[in-house]
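The values are calculated or read from the model by the stated rules, or taken from the named source; none is laboratory data. What you see is a predicted model; the values in this text were computed from it and never measured. Glycine gets a Cβ as well: all are built from the backbone with ideal geometry, and neighbour counts include every protein chain shown.
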Amino acid sequence: MTDLFNPVVANDALRAEIQAISHRGRRARLLRSRIIIALCVIALLIAVIPLAALSWEIIAKGLPVLKASFFTQLPLSPNLALPNQTGGVSNAIIGSLALVFYSSLMSVPVGVLTGIYTAENENRTASAIRLMAQTMAGAPSILMGLFAFALICQQLGFGYSALAGSFALAVLMIPVIVVATEIAVRNVPQSLREAGLALGARPHTVSLKIVLPTALSGIVTGCILAISRAVGEAAPVLFTIGGATLLNWKPADPVSALPISIYIDAKSQWPSLRAMVFGIALVLLFVVFIASFTARFLVGRQQRKS
Amino acid sequence: MTDDLTTKTTTSATSSGVKVAMQLQDVAVSFNGRTAVRDATFNVAANRVTSMIGPSGSGKTTLLRALNRLHDLTPGAKVTGKILLEGVDIYGPNITVTELRTRVGMVFQRPNPFPTMTIYENAVSGLRFNGVKKKSLLDEAAEESLRAAALWESVESRLNVAASNLSGGEQQRLCIARALALKPEVLLMDEPTSALDPIATLRIEELMSTLKQQVTIIIVTHNMQQASRISDDCAFLLMGEDRAGELIEFNTTEKIFNSPIDSRTLDYTLGRFG
C-alpha cells in the first residue's frame, strides 16, 4: 500500500526489522494497557459509588417526606401526643428564595462589571482585583458569615436579617461571577471588537453592544453556578439570618434557609424531624442539579456557536 | 538598488484627471520603537482598486490598518508621516477617529459577522453604533447595502436569522454589506478571500469590480493572480534588511506585472521568491 504513495520502497531487511520491533513485547504492551484500563474503571467506581449511594439514600428517604404540606406549612414542634407533627419548611423555602434574590441583586451587577473591567484592562488595578477575586474564591465561607455578622448585624445594627445573610452570600458569589465573567469576556474574539471599531463604534459601544451580548451566555452560566453554590451554603447564613420560623422575606426580617433547616432538624431528638432532613436535602439537590444542568446547556450552546 | 530612484519608485500612477481619494506621504508604522513598515508614499486613486502585494512580513496589513487608525488602541504603536483623506490629515485635529472609520470602512481576513445579531442587525450595525435609530432609514440601508454586496436575493427571506447560519462566503459578503451601509468613501480589504473557497473568492472579486464605481477599494492580498486580475494600481512591499517592510514600487497593476522598474518587483511577480 505504501508504495502507492511513497515511491521509495523500503528494502526487505529494513521492513523485517520494523516488523520485528513491533512484534517484540506485544503481549506485555497489551497486558499493560489492560491493567491501566482496569485501574481507571476501579477508580471510577470508587468515585461513583459513594455519590450514587448518597443520591439513592436522599431520594429514597426524601421522597416520602415531600407532601404538599412540606412546601406549604410552617415548621411545627412534635410533642409526645403528636410525635409526627412536623409541619413543613415553607419558611426555609421562602427564606432561601429571598436570600438568593437579594444576594444576586448585590453580587451580579458588581461581579459582572468587575469581570468586564478586569478582562478589558491590563493594568495594576485589574491584576490586583483579579488576584483578590481568586483569593476570595478560595476563602472559607464561614469567614463571609463572620464578616457579615460583624458588619451588618452588629456594626450597622440590622441584627439577624435576610440582608446580613444575603450580604454574606453575595461576598461569596462575587469572586465566582468575576472570574466567570472575565473568562467569558476574554473569549470574545478580538476580531469582533475590531469589526466594531472599524464601523466607527466607540470603545464603550463595542463593550456594551458587541462584547457583552457575545459573552452573555458565559456570564449567565457563571451567575447560575454562583447561585447554586450560594443556595446550598450553611456557614455564611448560620449566624446572620436568625433562622425564623415565620414566613419572613423582607430584607430587615430574620429569615430561615434550607441548609439551616437541615442543620437544626438533623440535631433534633424527634425521629420525625430527622426524617424531614432528607426531604430538604432532596429539594436542595434538585435545585442545584437543575442549576448546573442549565449552566451546562448554556455553555454547550455557546461552544456550538463559536 | 544603488540610489533612491530604485528603492522608492513611486511613479504617479494616477495621471492627471483621476481624483485622488487618499494620499500616503512617507508613512511609517512602528511598534514600541521597532519599525514594521516605512517609506510608504503613494496616491490612492478614487474609484479604482489599489492592491498591496508582497511576501509575509512586508507590512501590507500593518500599513492598511494605519489607514483607518486601527493601530490607535495598540499600546506602543506609532504612525508617522502623513495620510490624507480627501486632503485632510486623518491623524490631524480636524477629524475624529470614529468619523474617519465611518468614511474608511474595513473588511477583515476572516469573516467576522457579529454572532449574536441577525443578518439584518449585522447589516445596519454600523449605523446603529453611530446613533441612527429611524426604522425606515435602517430598512432602506439594509436592503441597499445587501444588494450592493450581492447578498440581497439569497437572504431577503431570512433577514431575521442569525448571521452565523450563512456560509463563509456569504458571511464575508455580509461583512462587506455592513461596511457599505455607512456609505464609506474608501473600503479597506485585508486579504478578504484568504479564508474562502475558489467559488466564493470569485464572487467577491466580481463584486469588487462593480463596487469600485461607488467606493475606492484598497486590498491587501497574498495572491498575485488576484492582484493582477482585480486591481488597477498596485503597491509592492518587501521586508528590508532590518526586517522592516518598505514600499518598493507603486504603479499601475499593468506596469507592476509587465514592466516593473525595480528588479525585485520582477522577481516577486515572476514567483522567484516569496
Test result for A:Ala137, hydrophobic (A, V, I, L, M, F, W, C) and touching a residue at least 40 places away in the same chain (Cβ under 8 Å):
yes
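Could you tell me how many of the residues in the range B:92-108 are in a loop (DSSP other than H, G, I, E, B), more than 8 Å from chain A (Cβ to nearest Cβ) and either in contact with a helix residue (DSSP H, G or I) (Cβ under 9 Å, 6 or more places away or on another chain) or at positive phi (or both)? Reasoning before the result, please.
Within the range B:92-108, the first condition is being in a loop (DSSP other than H, G, I, E, B), and the residues that meet it are B:92-96, B:108.
Applying the additional criterion that residues be more than 8 Å from chain A (Cβ to nearest Cβ) yields B:92-96.
Adding the requirement that they be either in contact with a helix residue (DSSP H, G or I) (Cβ under 9 Å, 6 or more places away or on another chain) or at positive phi (or both) leaves B:95.
The qualifying residues number 1.
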Quick check: anything in the range B:145-162 without any contact (Cβ under 8 Å) to a residue 40 or more places away in the chain, buried (at least 19 other Cβ atoms within 10 Å of the Cβ) and within 14 Å of chain A (Cβ to nearest Cβ)?
yes
If you scan the range A:193-213, which residues turn out to be surrounded by fewer than 22 Cβ atoms within 10 Å (Cβ to Cβ) and within 19 Å of B:Leu180 (Cβ to Cβ)?
A:Glu194
Among residues belonging to the range B:66-84 that are surrounded by 21 or more Cβ atoms within 10 Å (Cβ to Cβ) and outside any loop (DSSP other than H, G, I, E, B), point out the one that is farthest from the chain's Cα centre (by Cα).
B:Val79
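Out of A:Ile210, A:Ile227, report the one residue that is facing another protein chain (nearest Cβ under 10 Å) and at pLDDT 90 or above. Please lay out each step first, then the result.
Numbers: A:Ile227 fails: facing another protein chain (nearest Cβ under 10 Å).
The unique qualifying residue is A:Ile210.
Inspect the range A:236-250 for any residue being within 14 Å of chain B (Cβ to nearest Cβ) and in a helix (DSSP H, G or I) and give the result as yes or no. I'd like the intermediate steps shown before the answer.
Pass one, the range A:236-250, residues within 14 Å of chain B (Cβ to nearest Cβ): none.
Within the range A:236-250 (the criterion being within 14 Å of chain B (Cβ to nearest Cβ) and in a helix (DSSP H, G or I)), the answer is no, since none of the residues qualifies.
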In the range B:109-129, what count of residues is obtained for those that are more than 9 Å from chain A (Cβ to nearest Cβ) and out of contact with any helix residue (DSSP H, G or I) (no Cβ under 7 Å at 6 or more places or on another chain)?
1
Sort through A:Val176, A:Val220 and tell me the only one that's more than 14 Å from chain B (Cβ to nearest Cβ) and surrounded by 19 or more Cβ atoms within 10 Å (Cβ to Cβ).
A:Val176
Residue ID - nearest to B:Glu99 (Cα to Cα), chosen from residues in the range B:128-142 that are surrounded by fewer than 17 Cβ atoms within 10 Å (Cβ to Cβ) and not polar (S, T, N, Q)
B:Gly131
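Given the criterion among the polar types (S, T, N, Q) and at pLDDT 95 or above, identify the matching residue among B:Asn122, B:Asn130.
Details: B:Asn130 fails: at pLDDT 95 or above.
Answer to the selection: B:Asn122.
Can you report the number of residues in the range B:179-231 which are in a helix (DSSP H, G or I) and hydrophobic (A, V, I, L, M, F, W, C)?
Number of matching residues: 12.
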Got at least one residue in the range B:149-165 being within 23 Å of the chain's Cα centre (by Cα) and either modelled with pLDDT of 95 or more or at positive phi (or both)?
yes
Please work out which one of (1) within 14 Å of chain B (Cβ to nearest Cβ); (2) within 15 Å of A:Ala119 (Cα to Cα); (3) surrounded by 19 or more Cβ atoms within 10 Å (Cβ to Cβ) is the condition A:Thr181 fails and give its number.
(1)
Selection within the range B:46-57 - buried (at least 21 other Cβ atoms within 10 Å of the Cβ) and either over 16 Å from B:Ala227 (Cα atoms) or within 11 Å of the chain's Cα centre (by Cα) (or both)
B:Val49, B:Thr50, B:Ser51, B:Met52
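Just one of A:Ala119, A:Ala201, A:Ala195 is within 14 Å of another protein chain (Cβ to nearest Cβ), part of a helix (DSSP H, G or I) and under 30 Å from B:Pro192 (Cα atoms); which is it? Steps first, please.
On the way: A:Ala119 fails: within 14 Å of another protein chain (Cβ to nearest Cβ); A:Ala201 fails: part of a helix (DSSP H, G or I).
After ruling out the rest, the residue left standing is A:Ala195.
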Total residues in the range B:129-158, condition closer than 21 Å to B:Thr201 by Cβ and in a loop (DSSP other than H, G, I, E, B)
3
Identify, by number, the condition in (1) surrounded by fewer than 24 Cβ atoms within 10 Å (Cβ to Cβ); (2) in contact with an Asp or Glu (Cβ under 6 Å, 6 or more places away or on another chain) that B:Ile248 doesn't meet.
(1)
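Determine whether B:Glu205 is more than 14 Å from every other protein chain (Cβ to nearest Cβ), surrounded by fewer than 22 Cβ atoms within 10 Å (Cβ to Cβ) and out of contact with any Phe, Trp or Tyr (no Cβ under 9 Å at 6 or more places or on another chain). It would help to see each step written out before you state the result.
Working: more than 14 Å from every other protein chain (Cβ to nearest Cβ): yes; surrounded by fewer than 22 Cβ atoms within 10 Å (Cβ to Cβ): yes; out of contact with any Phe, Trp or Tyr (no Cβ under 9 Å at 6 or more places or on another chain): yes.
It is true that B:Glu205 is more than 14 Å from every other protein chain (Cβ to nearest Cβ), surrounded by fewer than 22 Cβ atoms within 10 Å (Cβ to Cβ) and out of contact with any Phe, Trp or Tyr (no Cβ under 9 Å at 6 or more places or on another chain).
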Scanning the range B:232-274 for residues that are of a type outside the set (Asp, Glu) and assigned to a strand (DSSP E or B) gives B:Cys234, B:Ala235, B:Phe236, B:Leu237, B:Leu238, B:Met239, B:Gly245, B:Leu247, B:Ile248, B:Phe250, B:Asn251, B:Thr252
Checking B:Thr201 against (1) modelled with pLDDT under 90; (2) more than 30 Å from B:Asn130 (Cβ to Cβ), the condition it does not meet
(1)
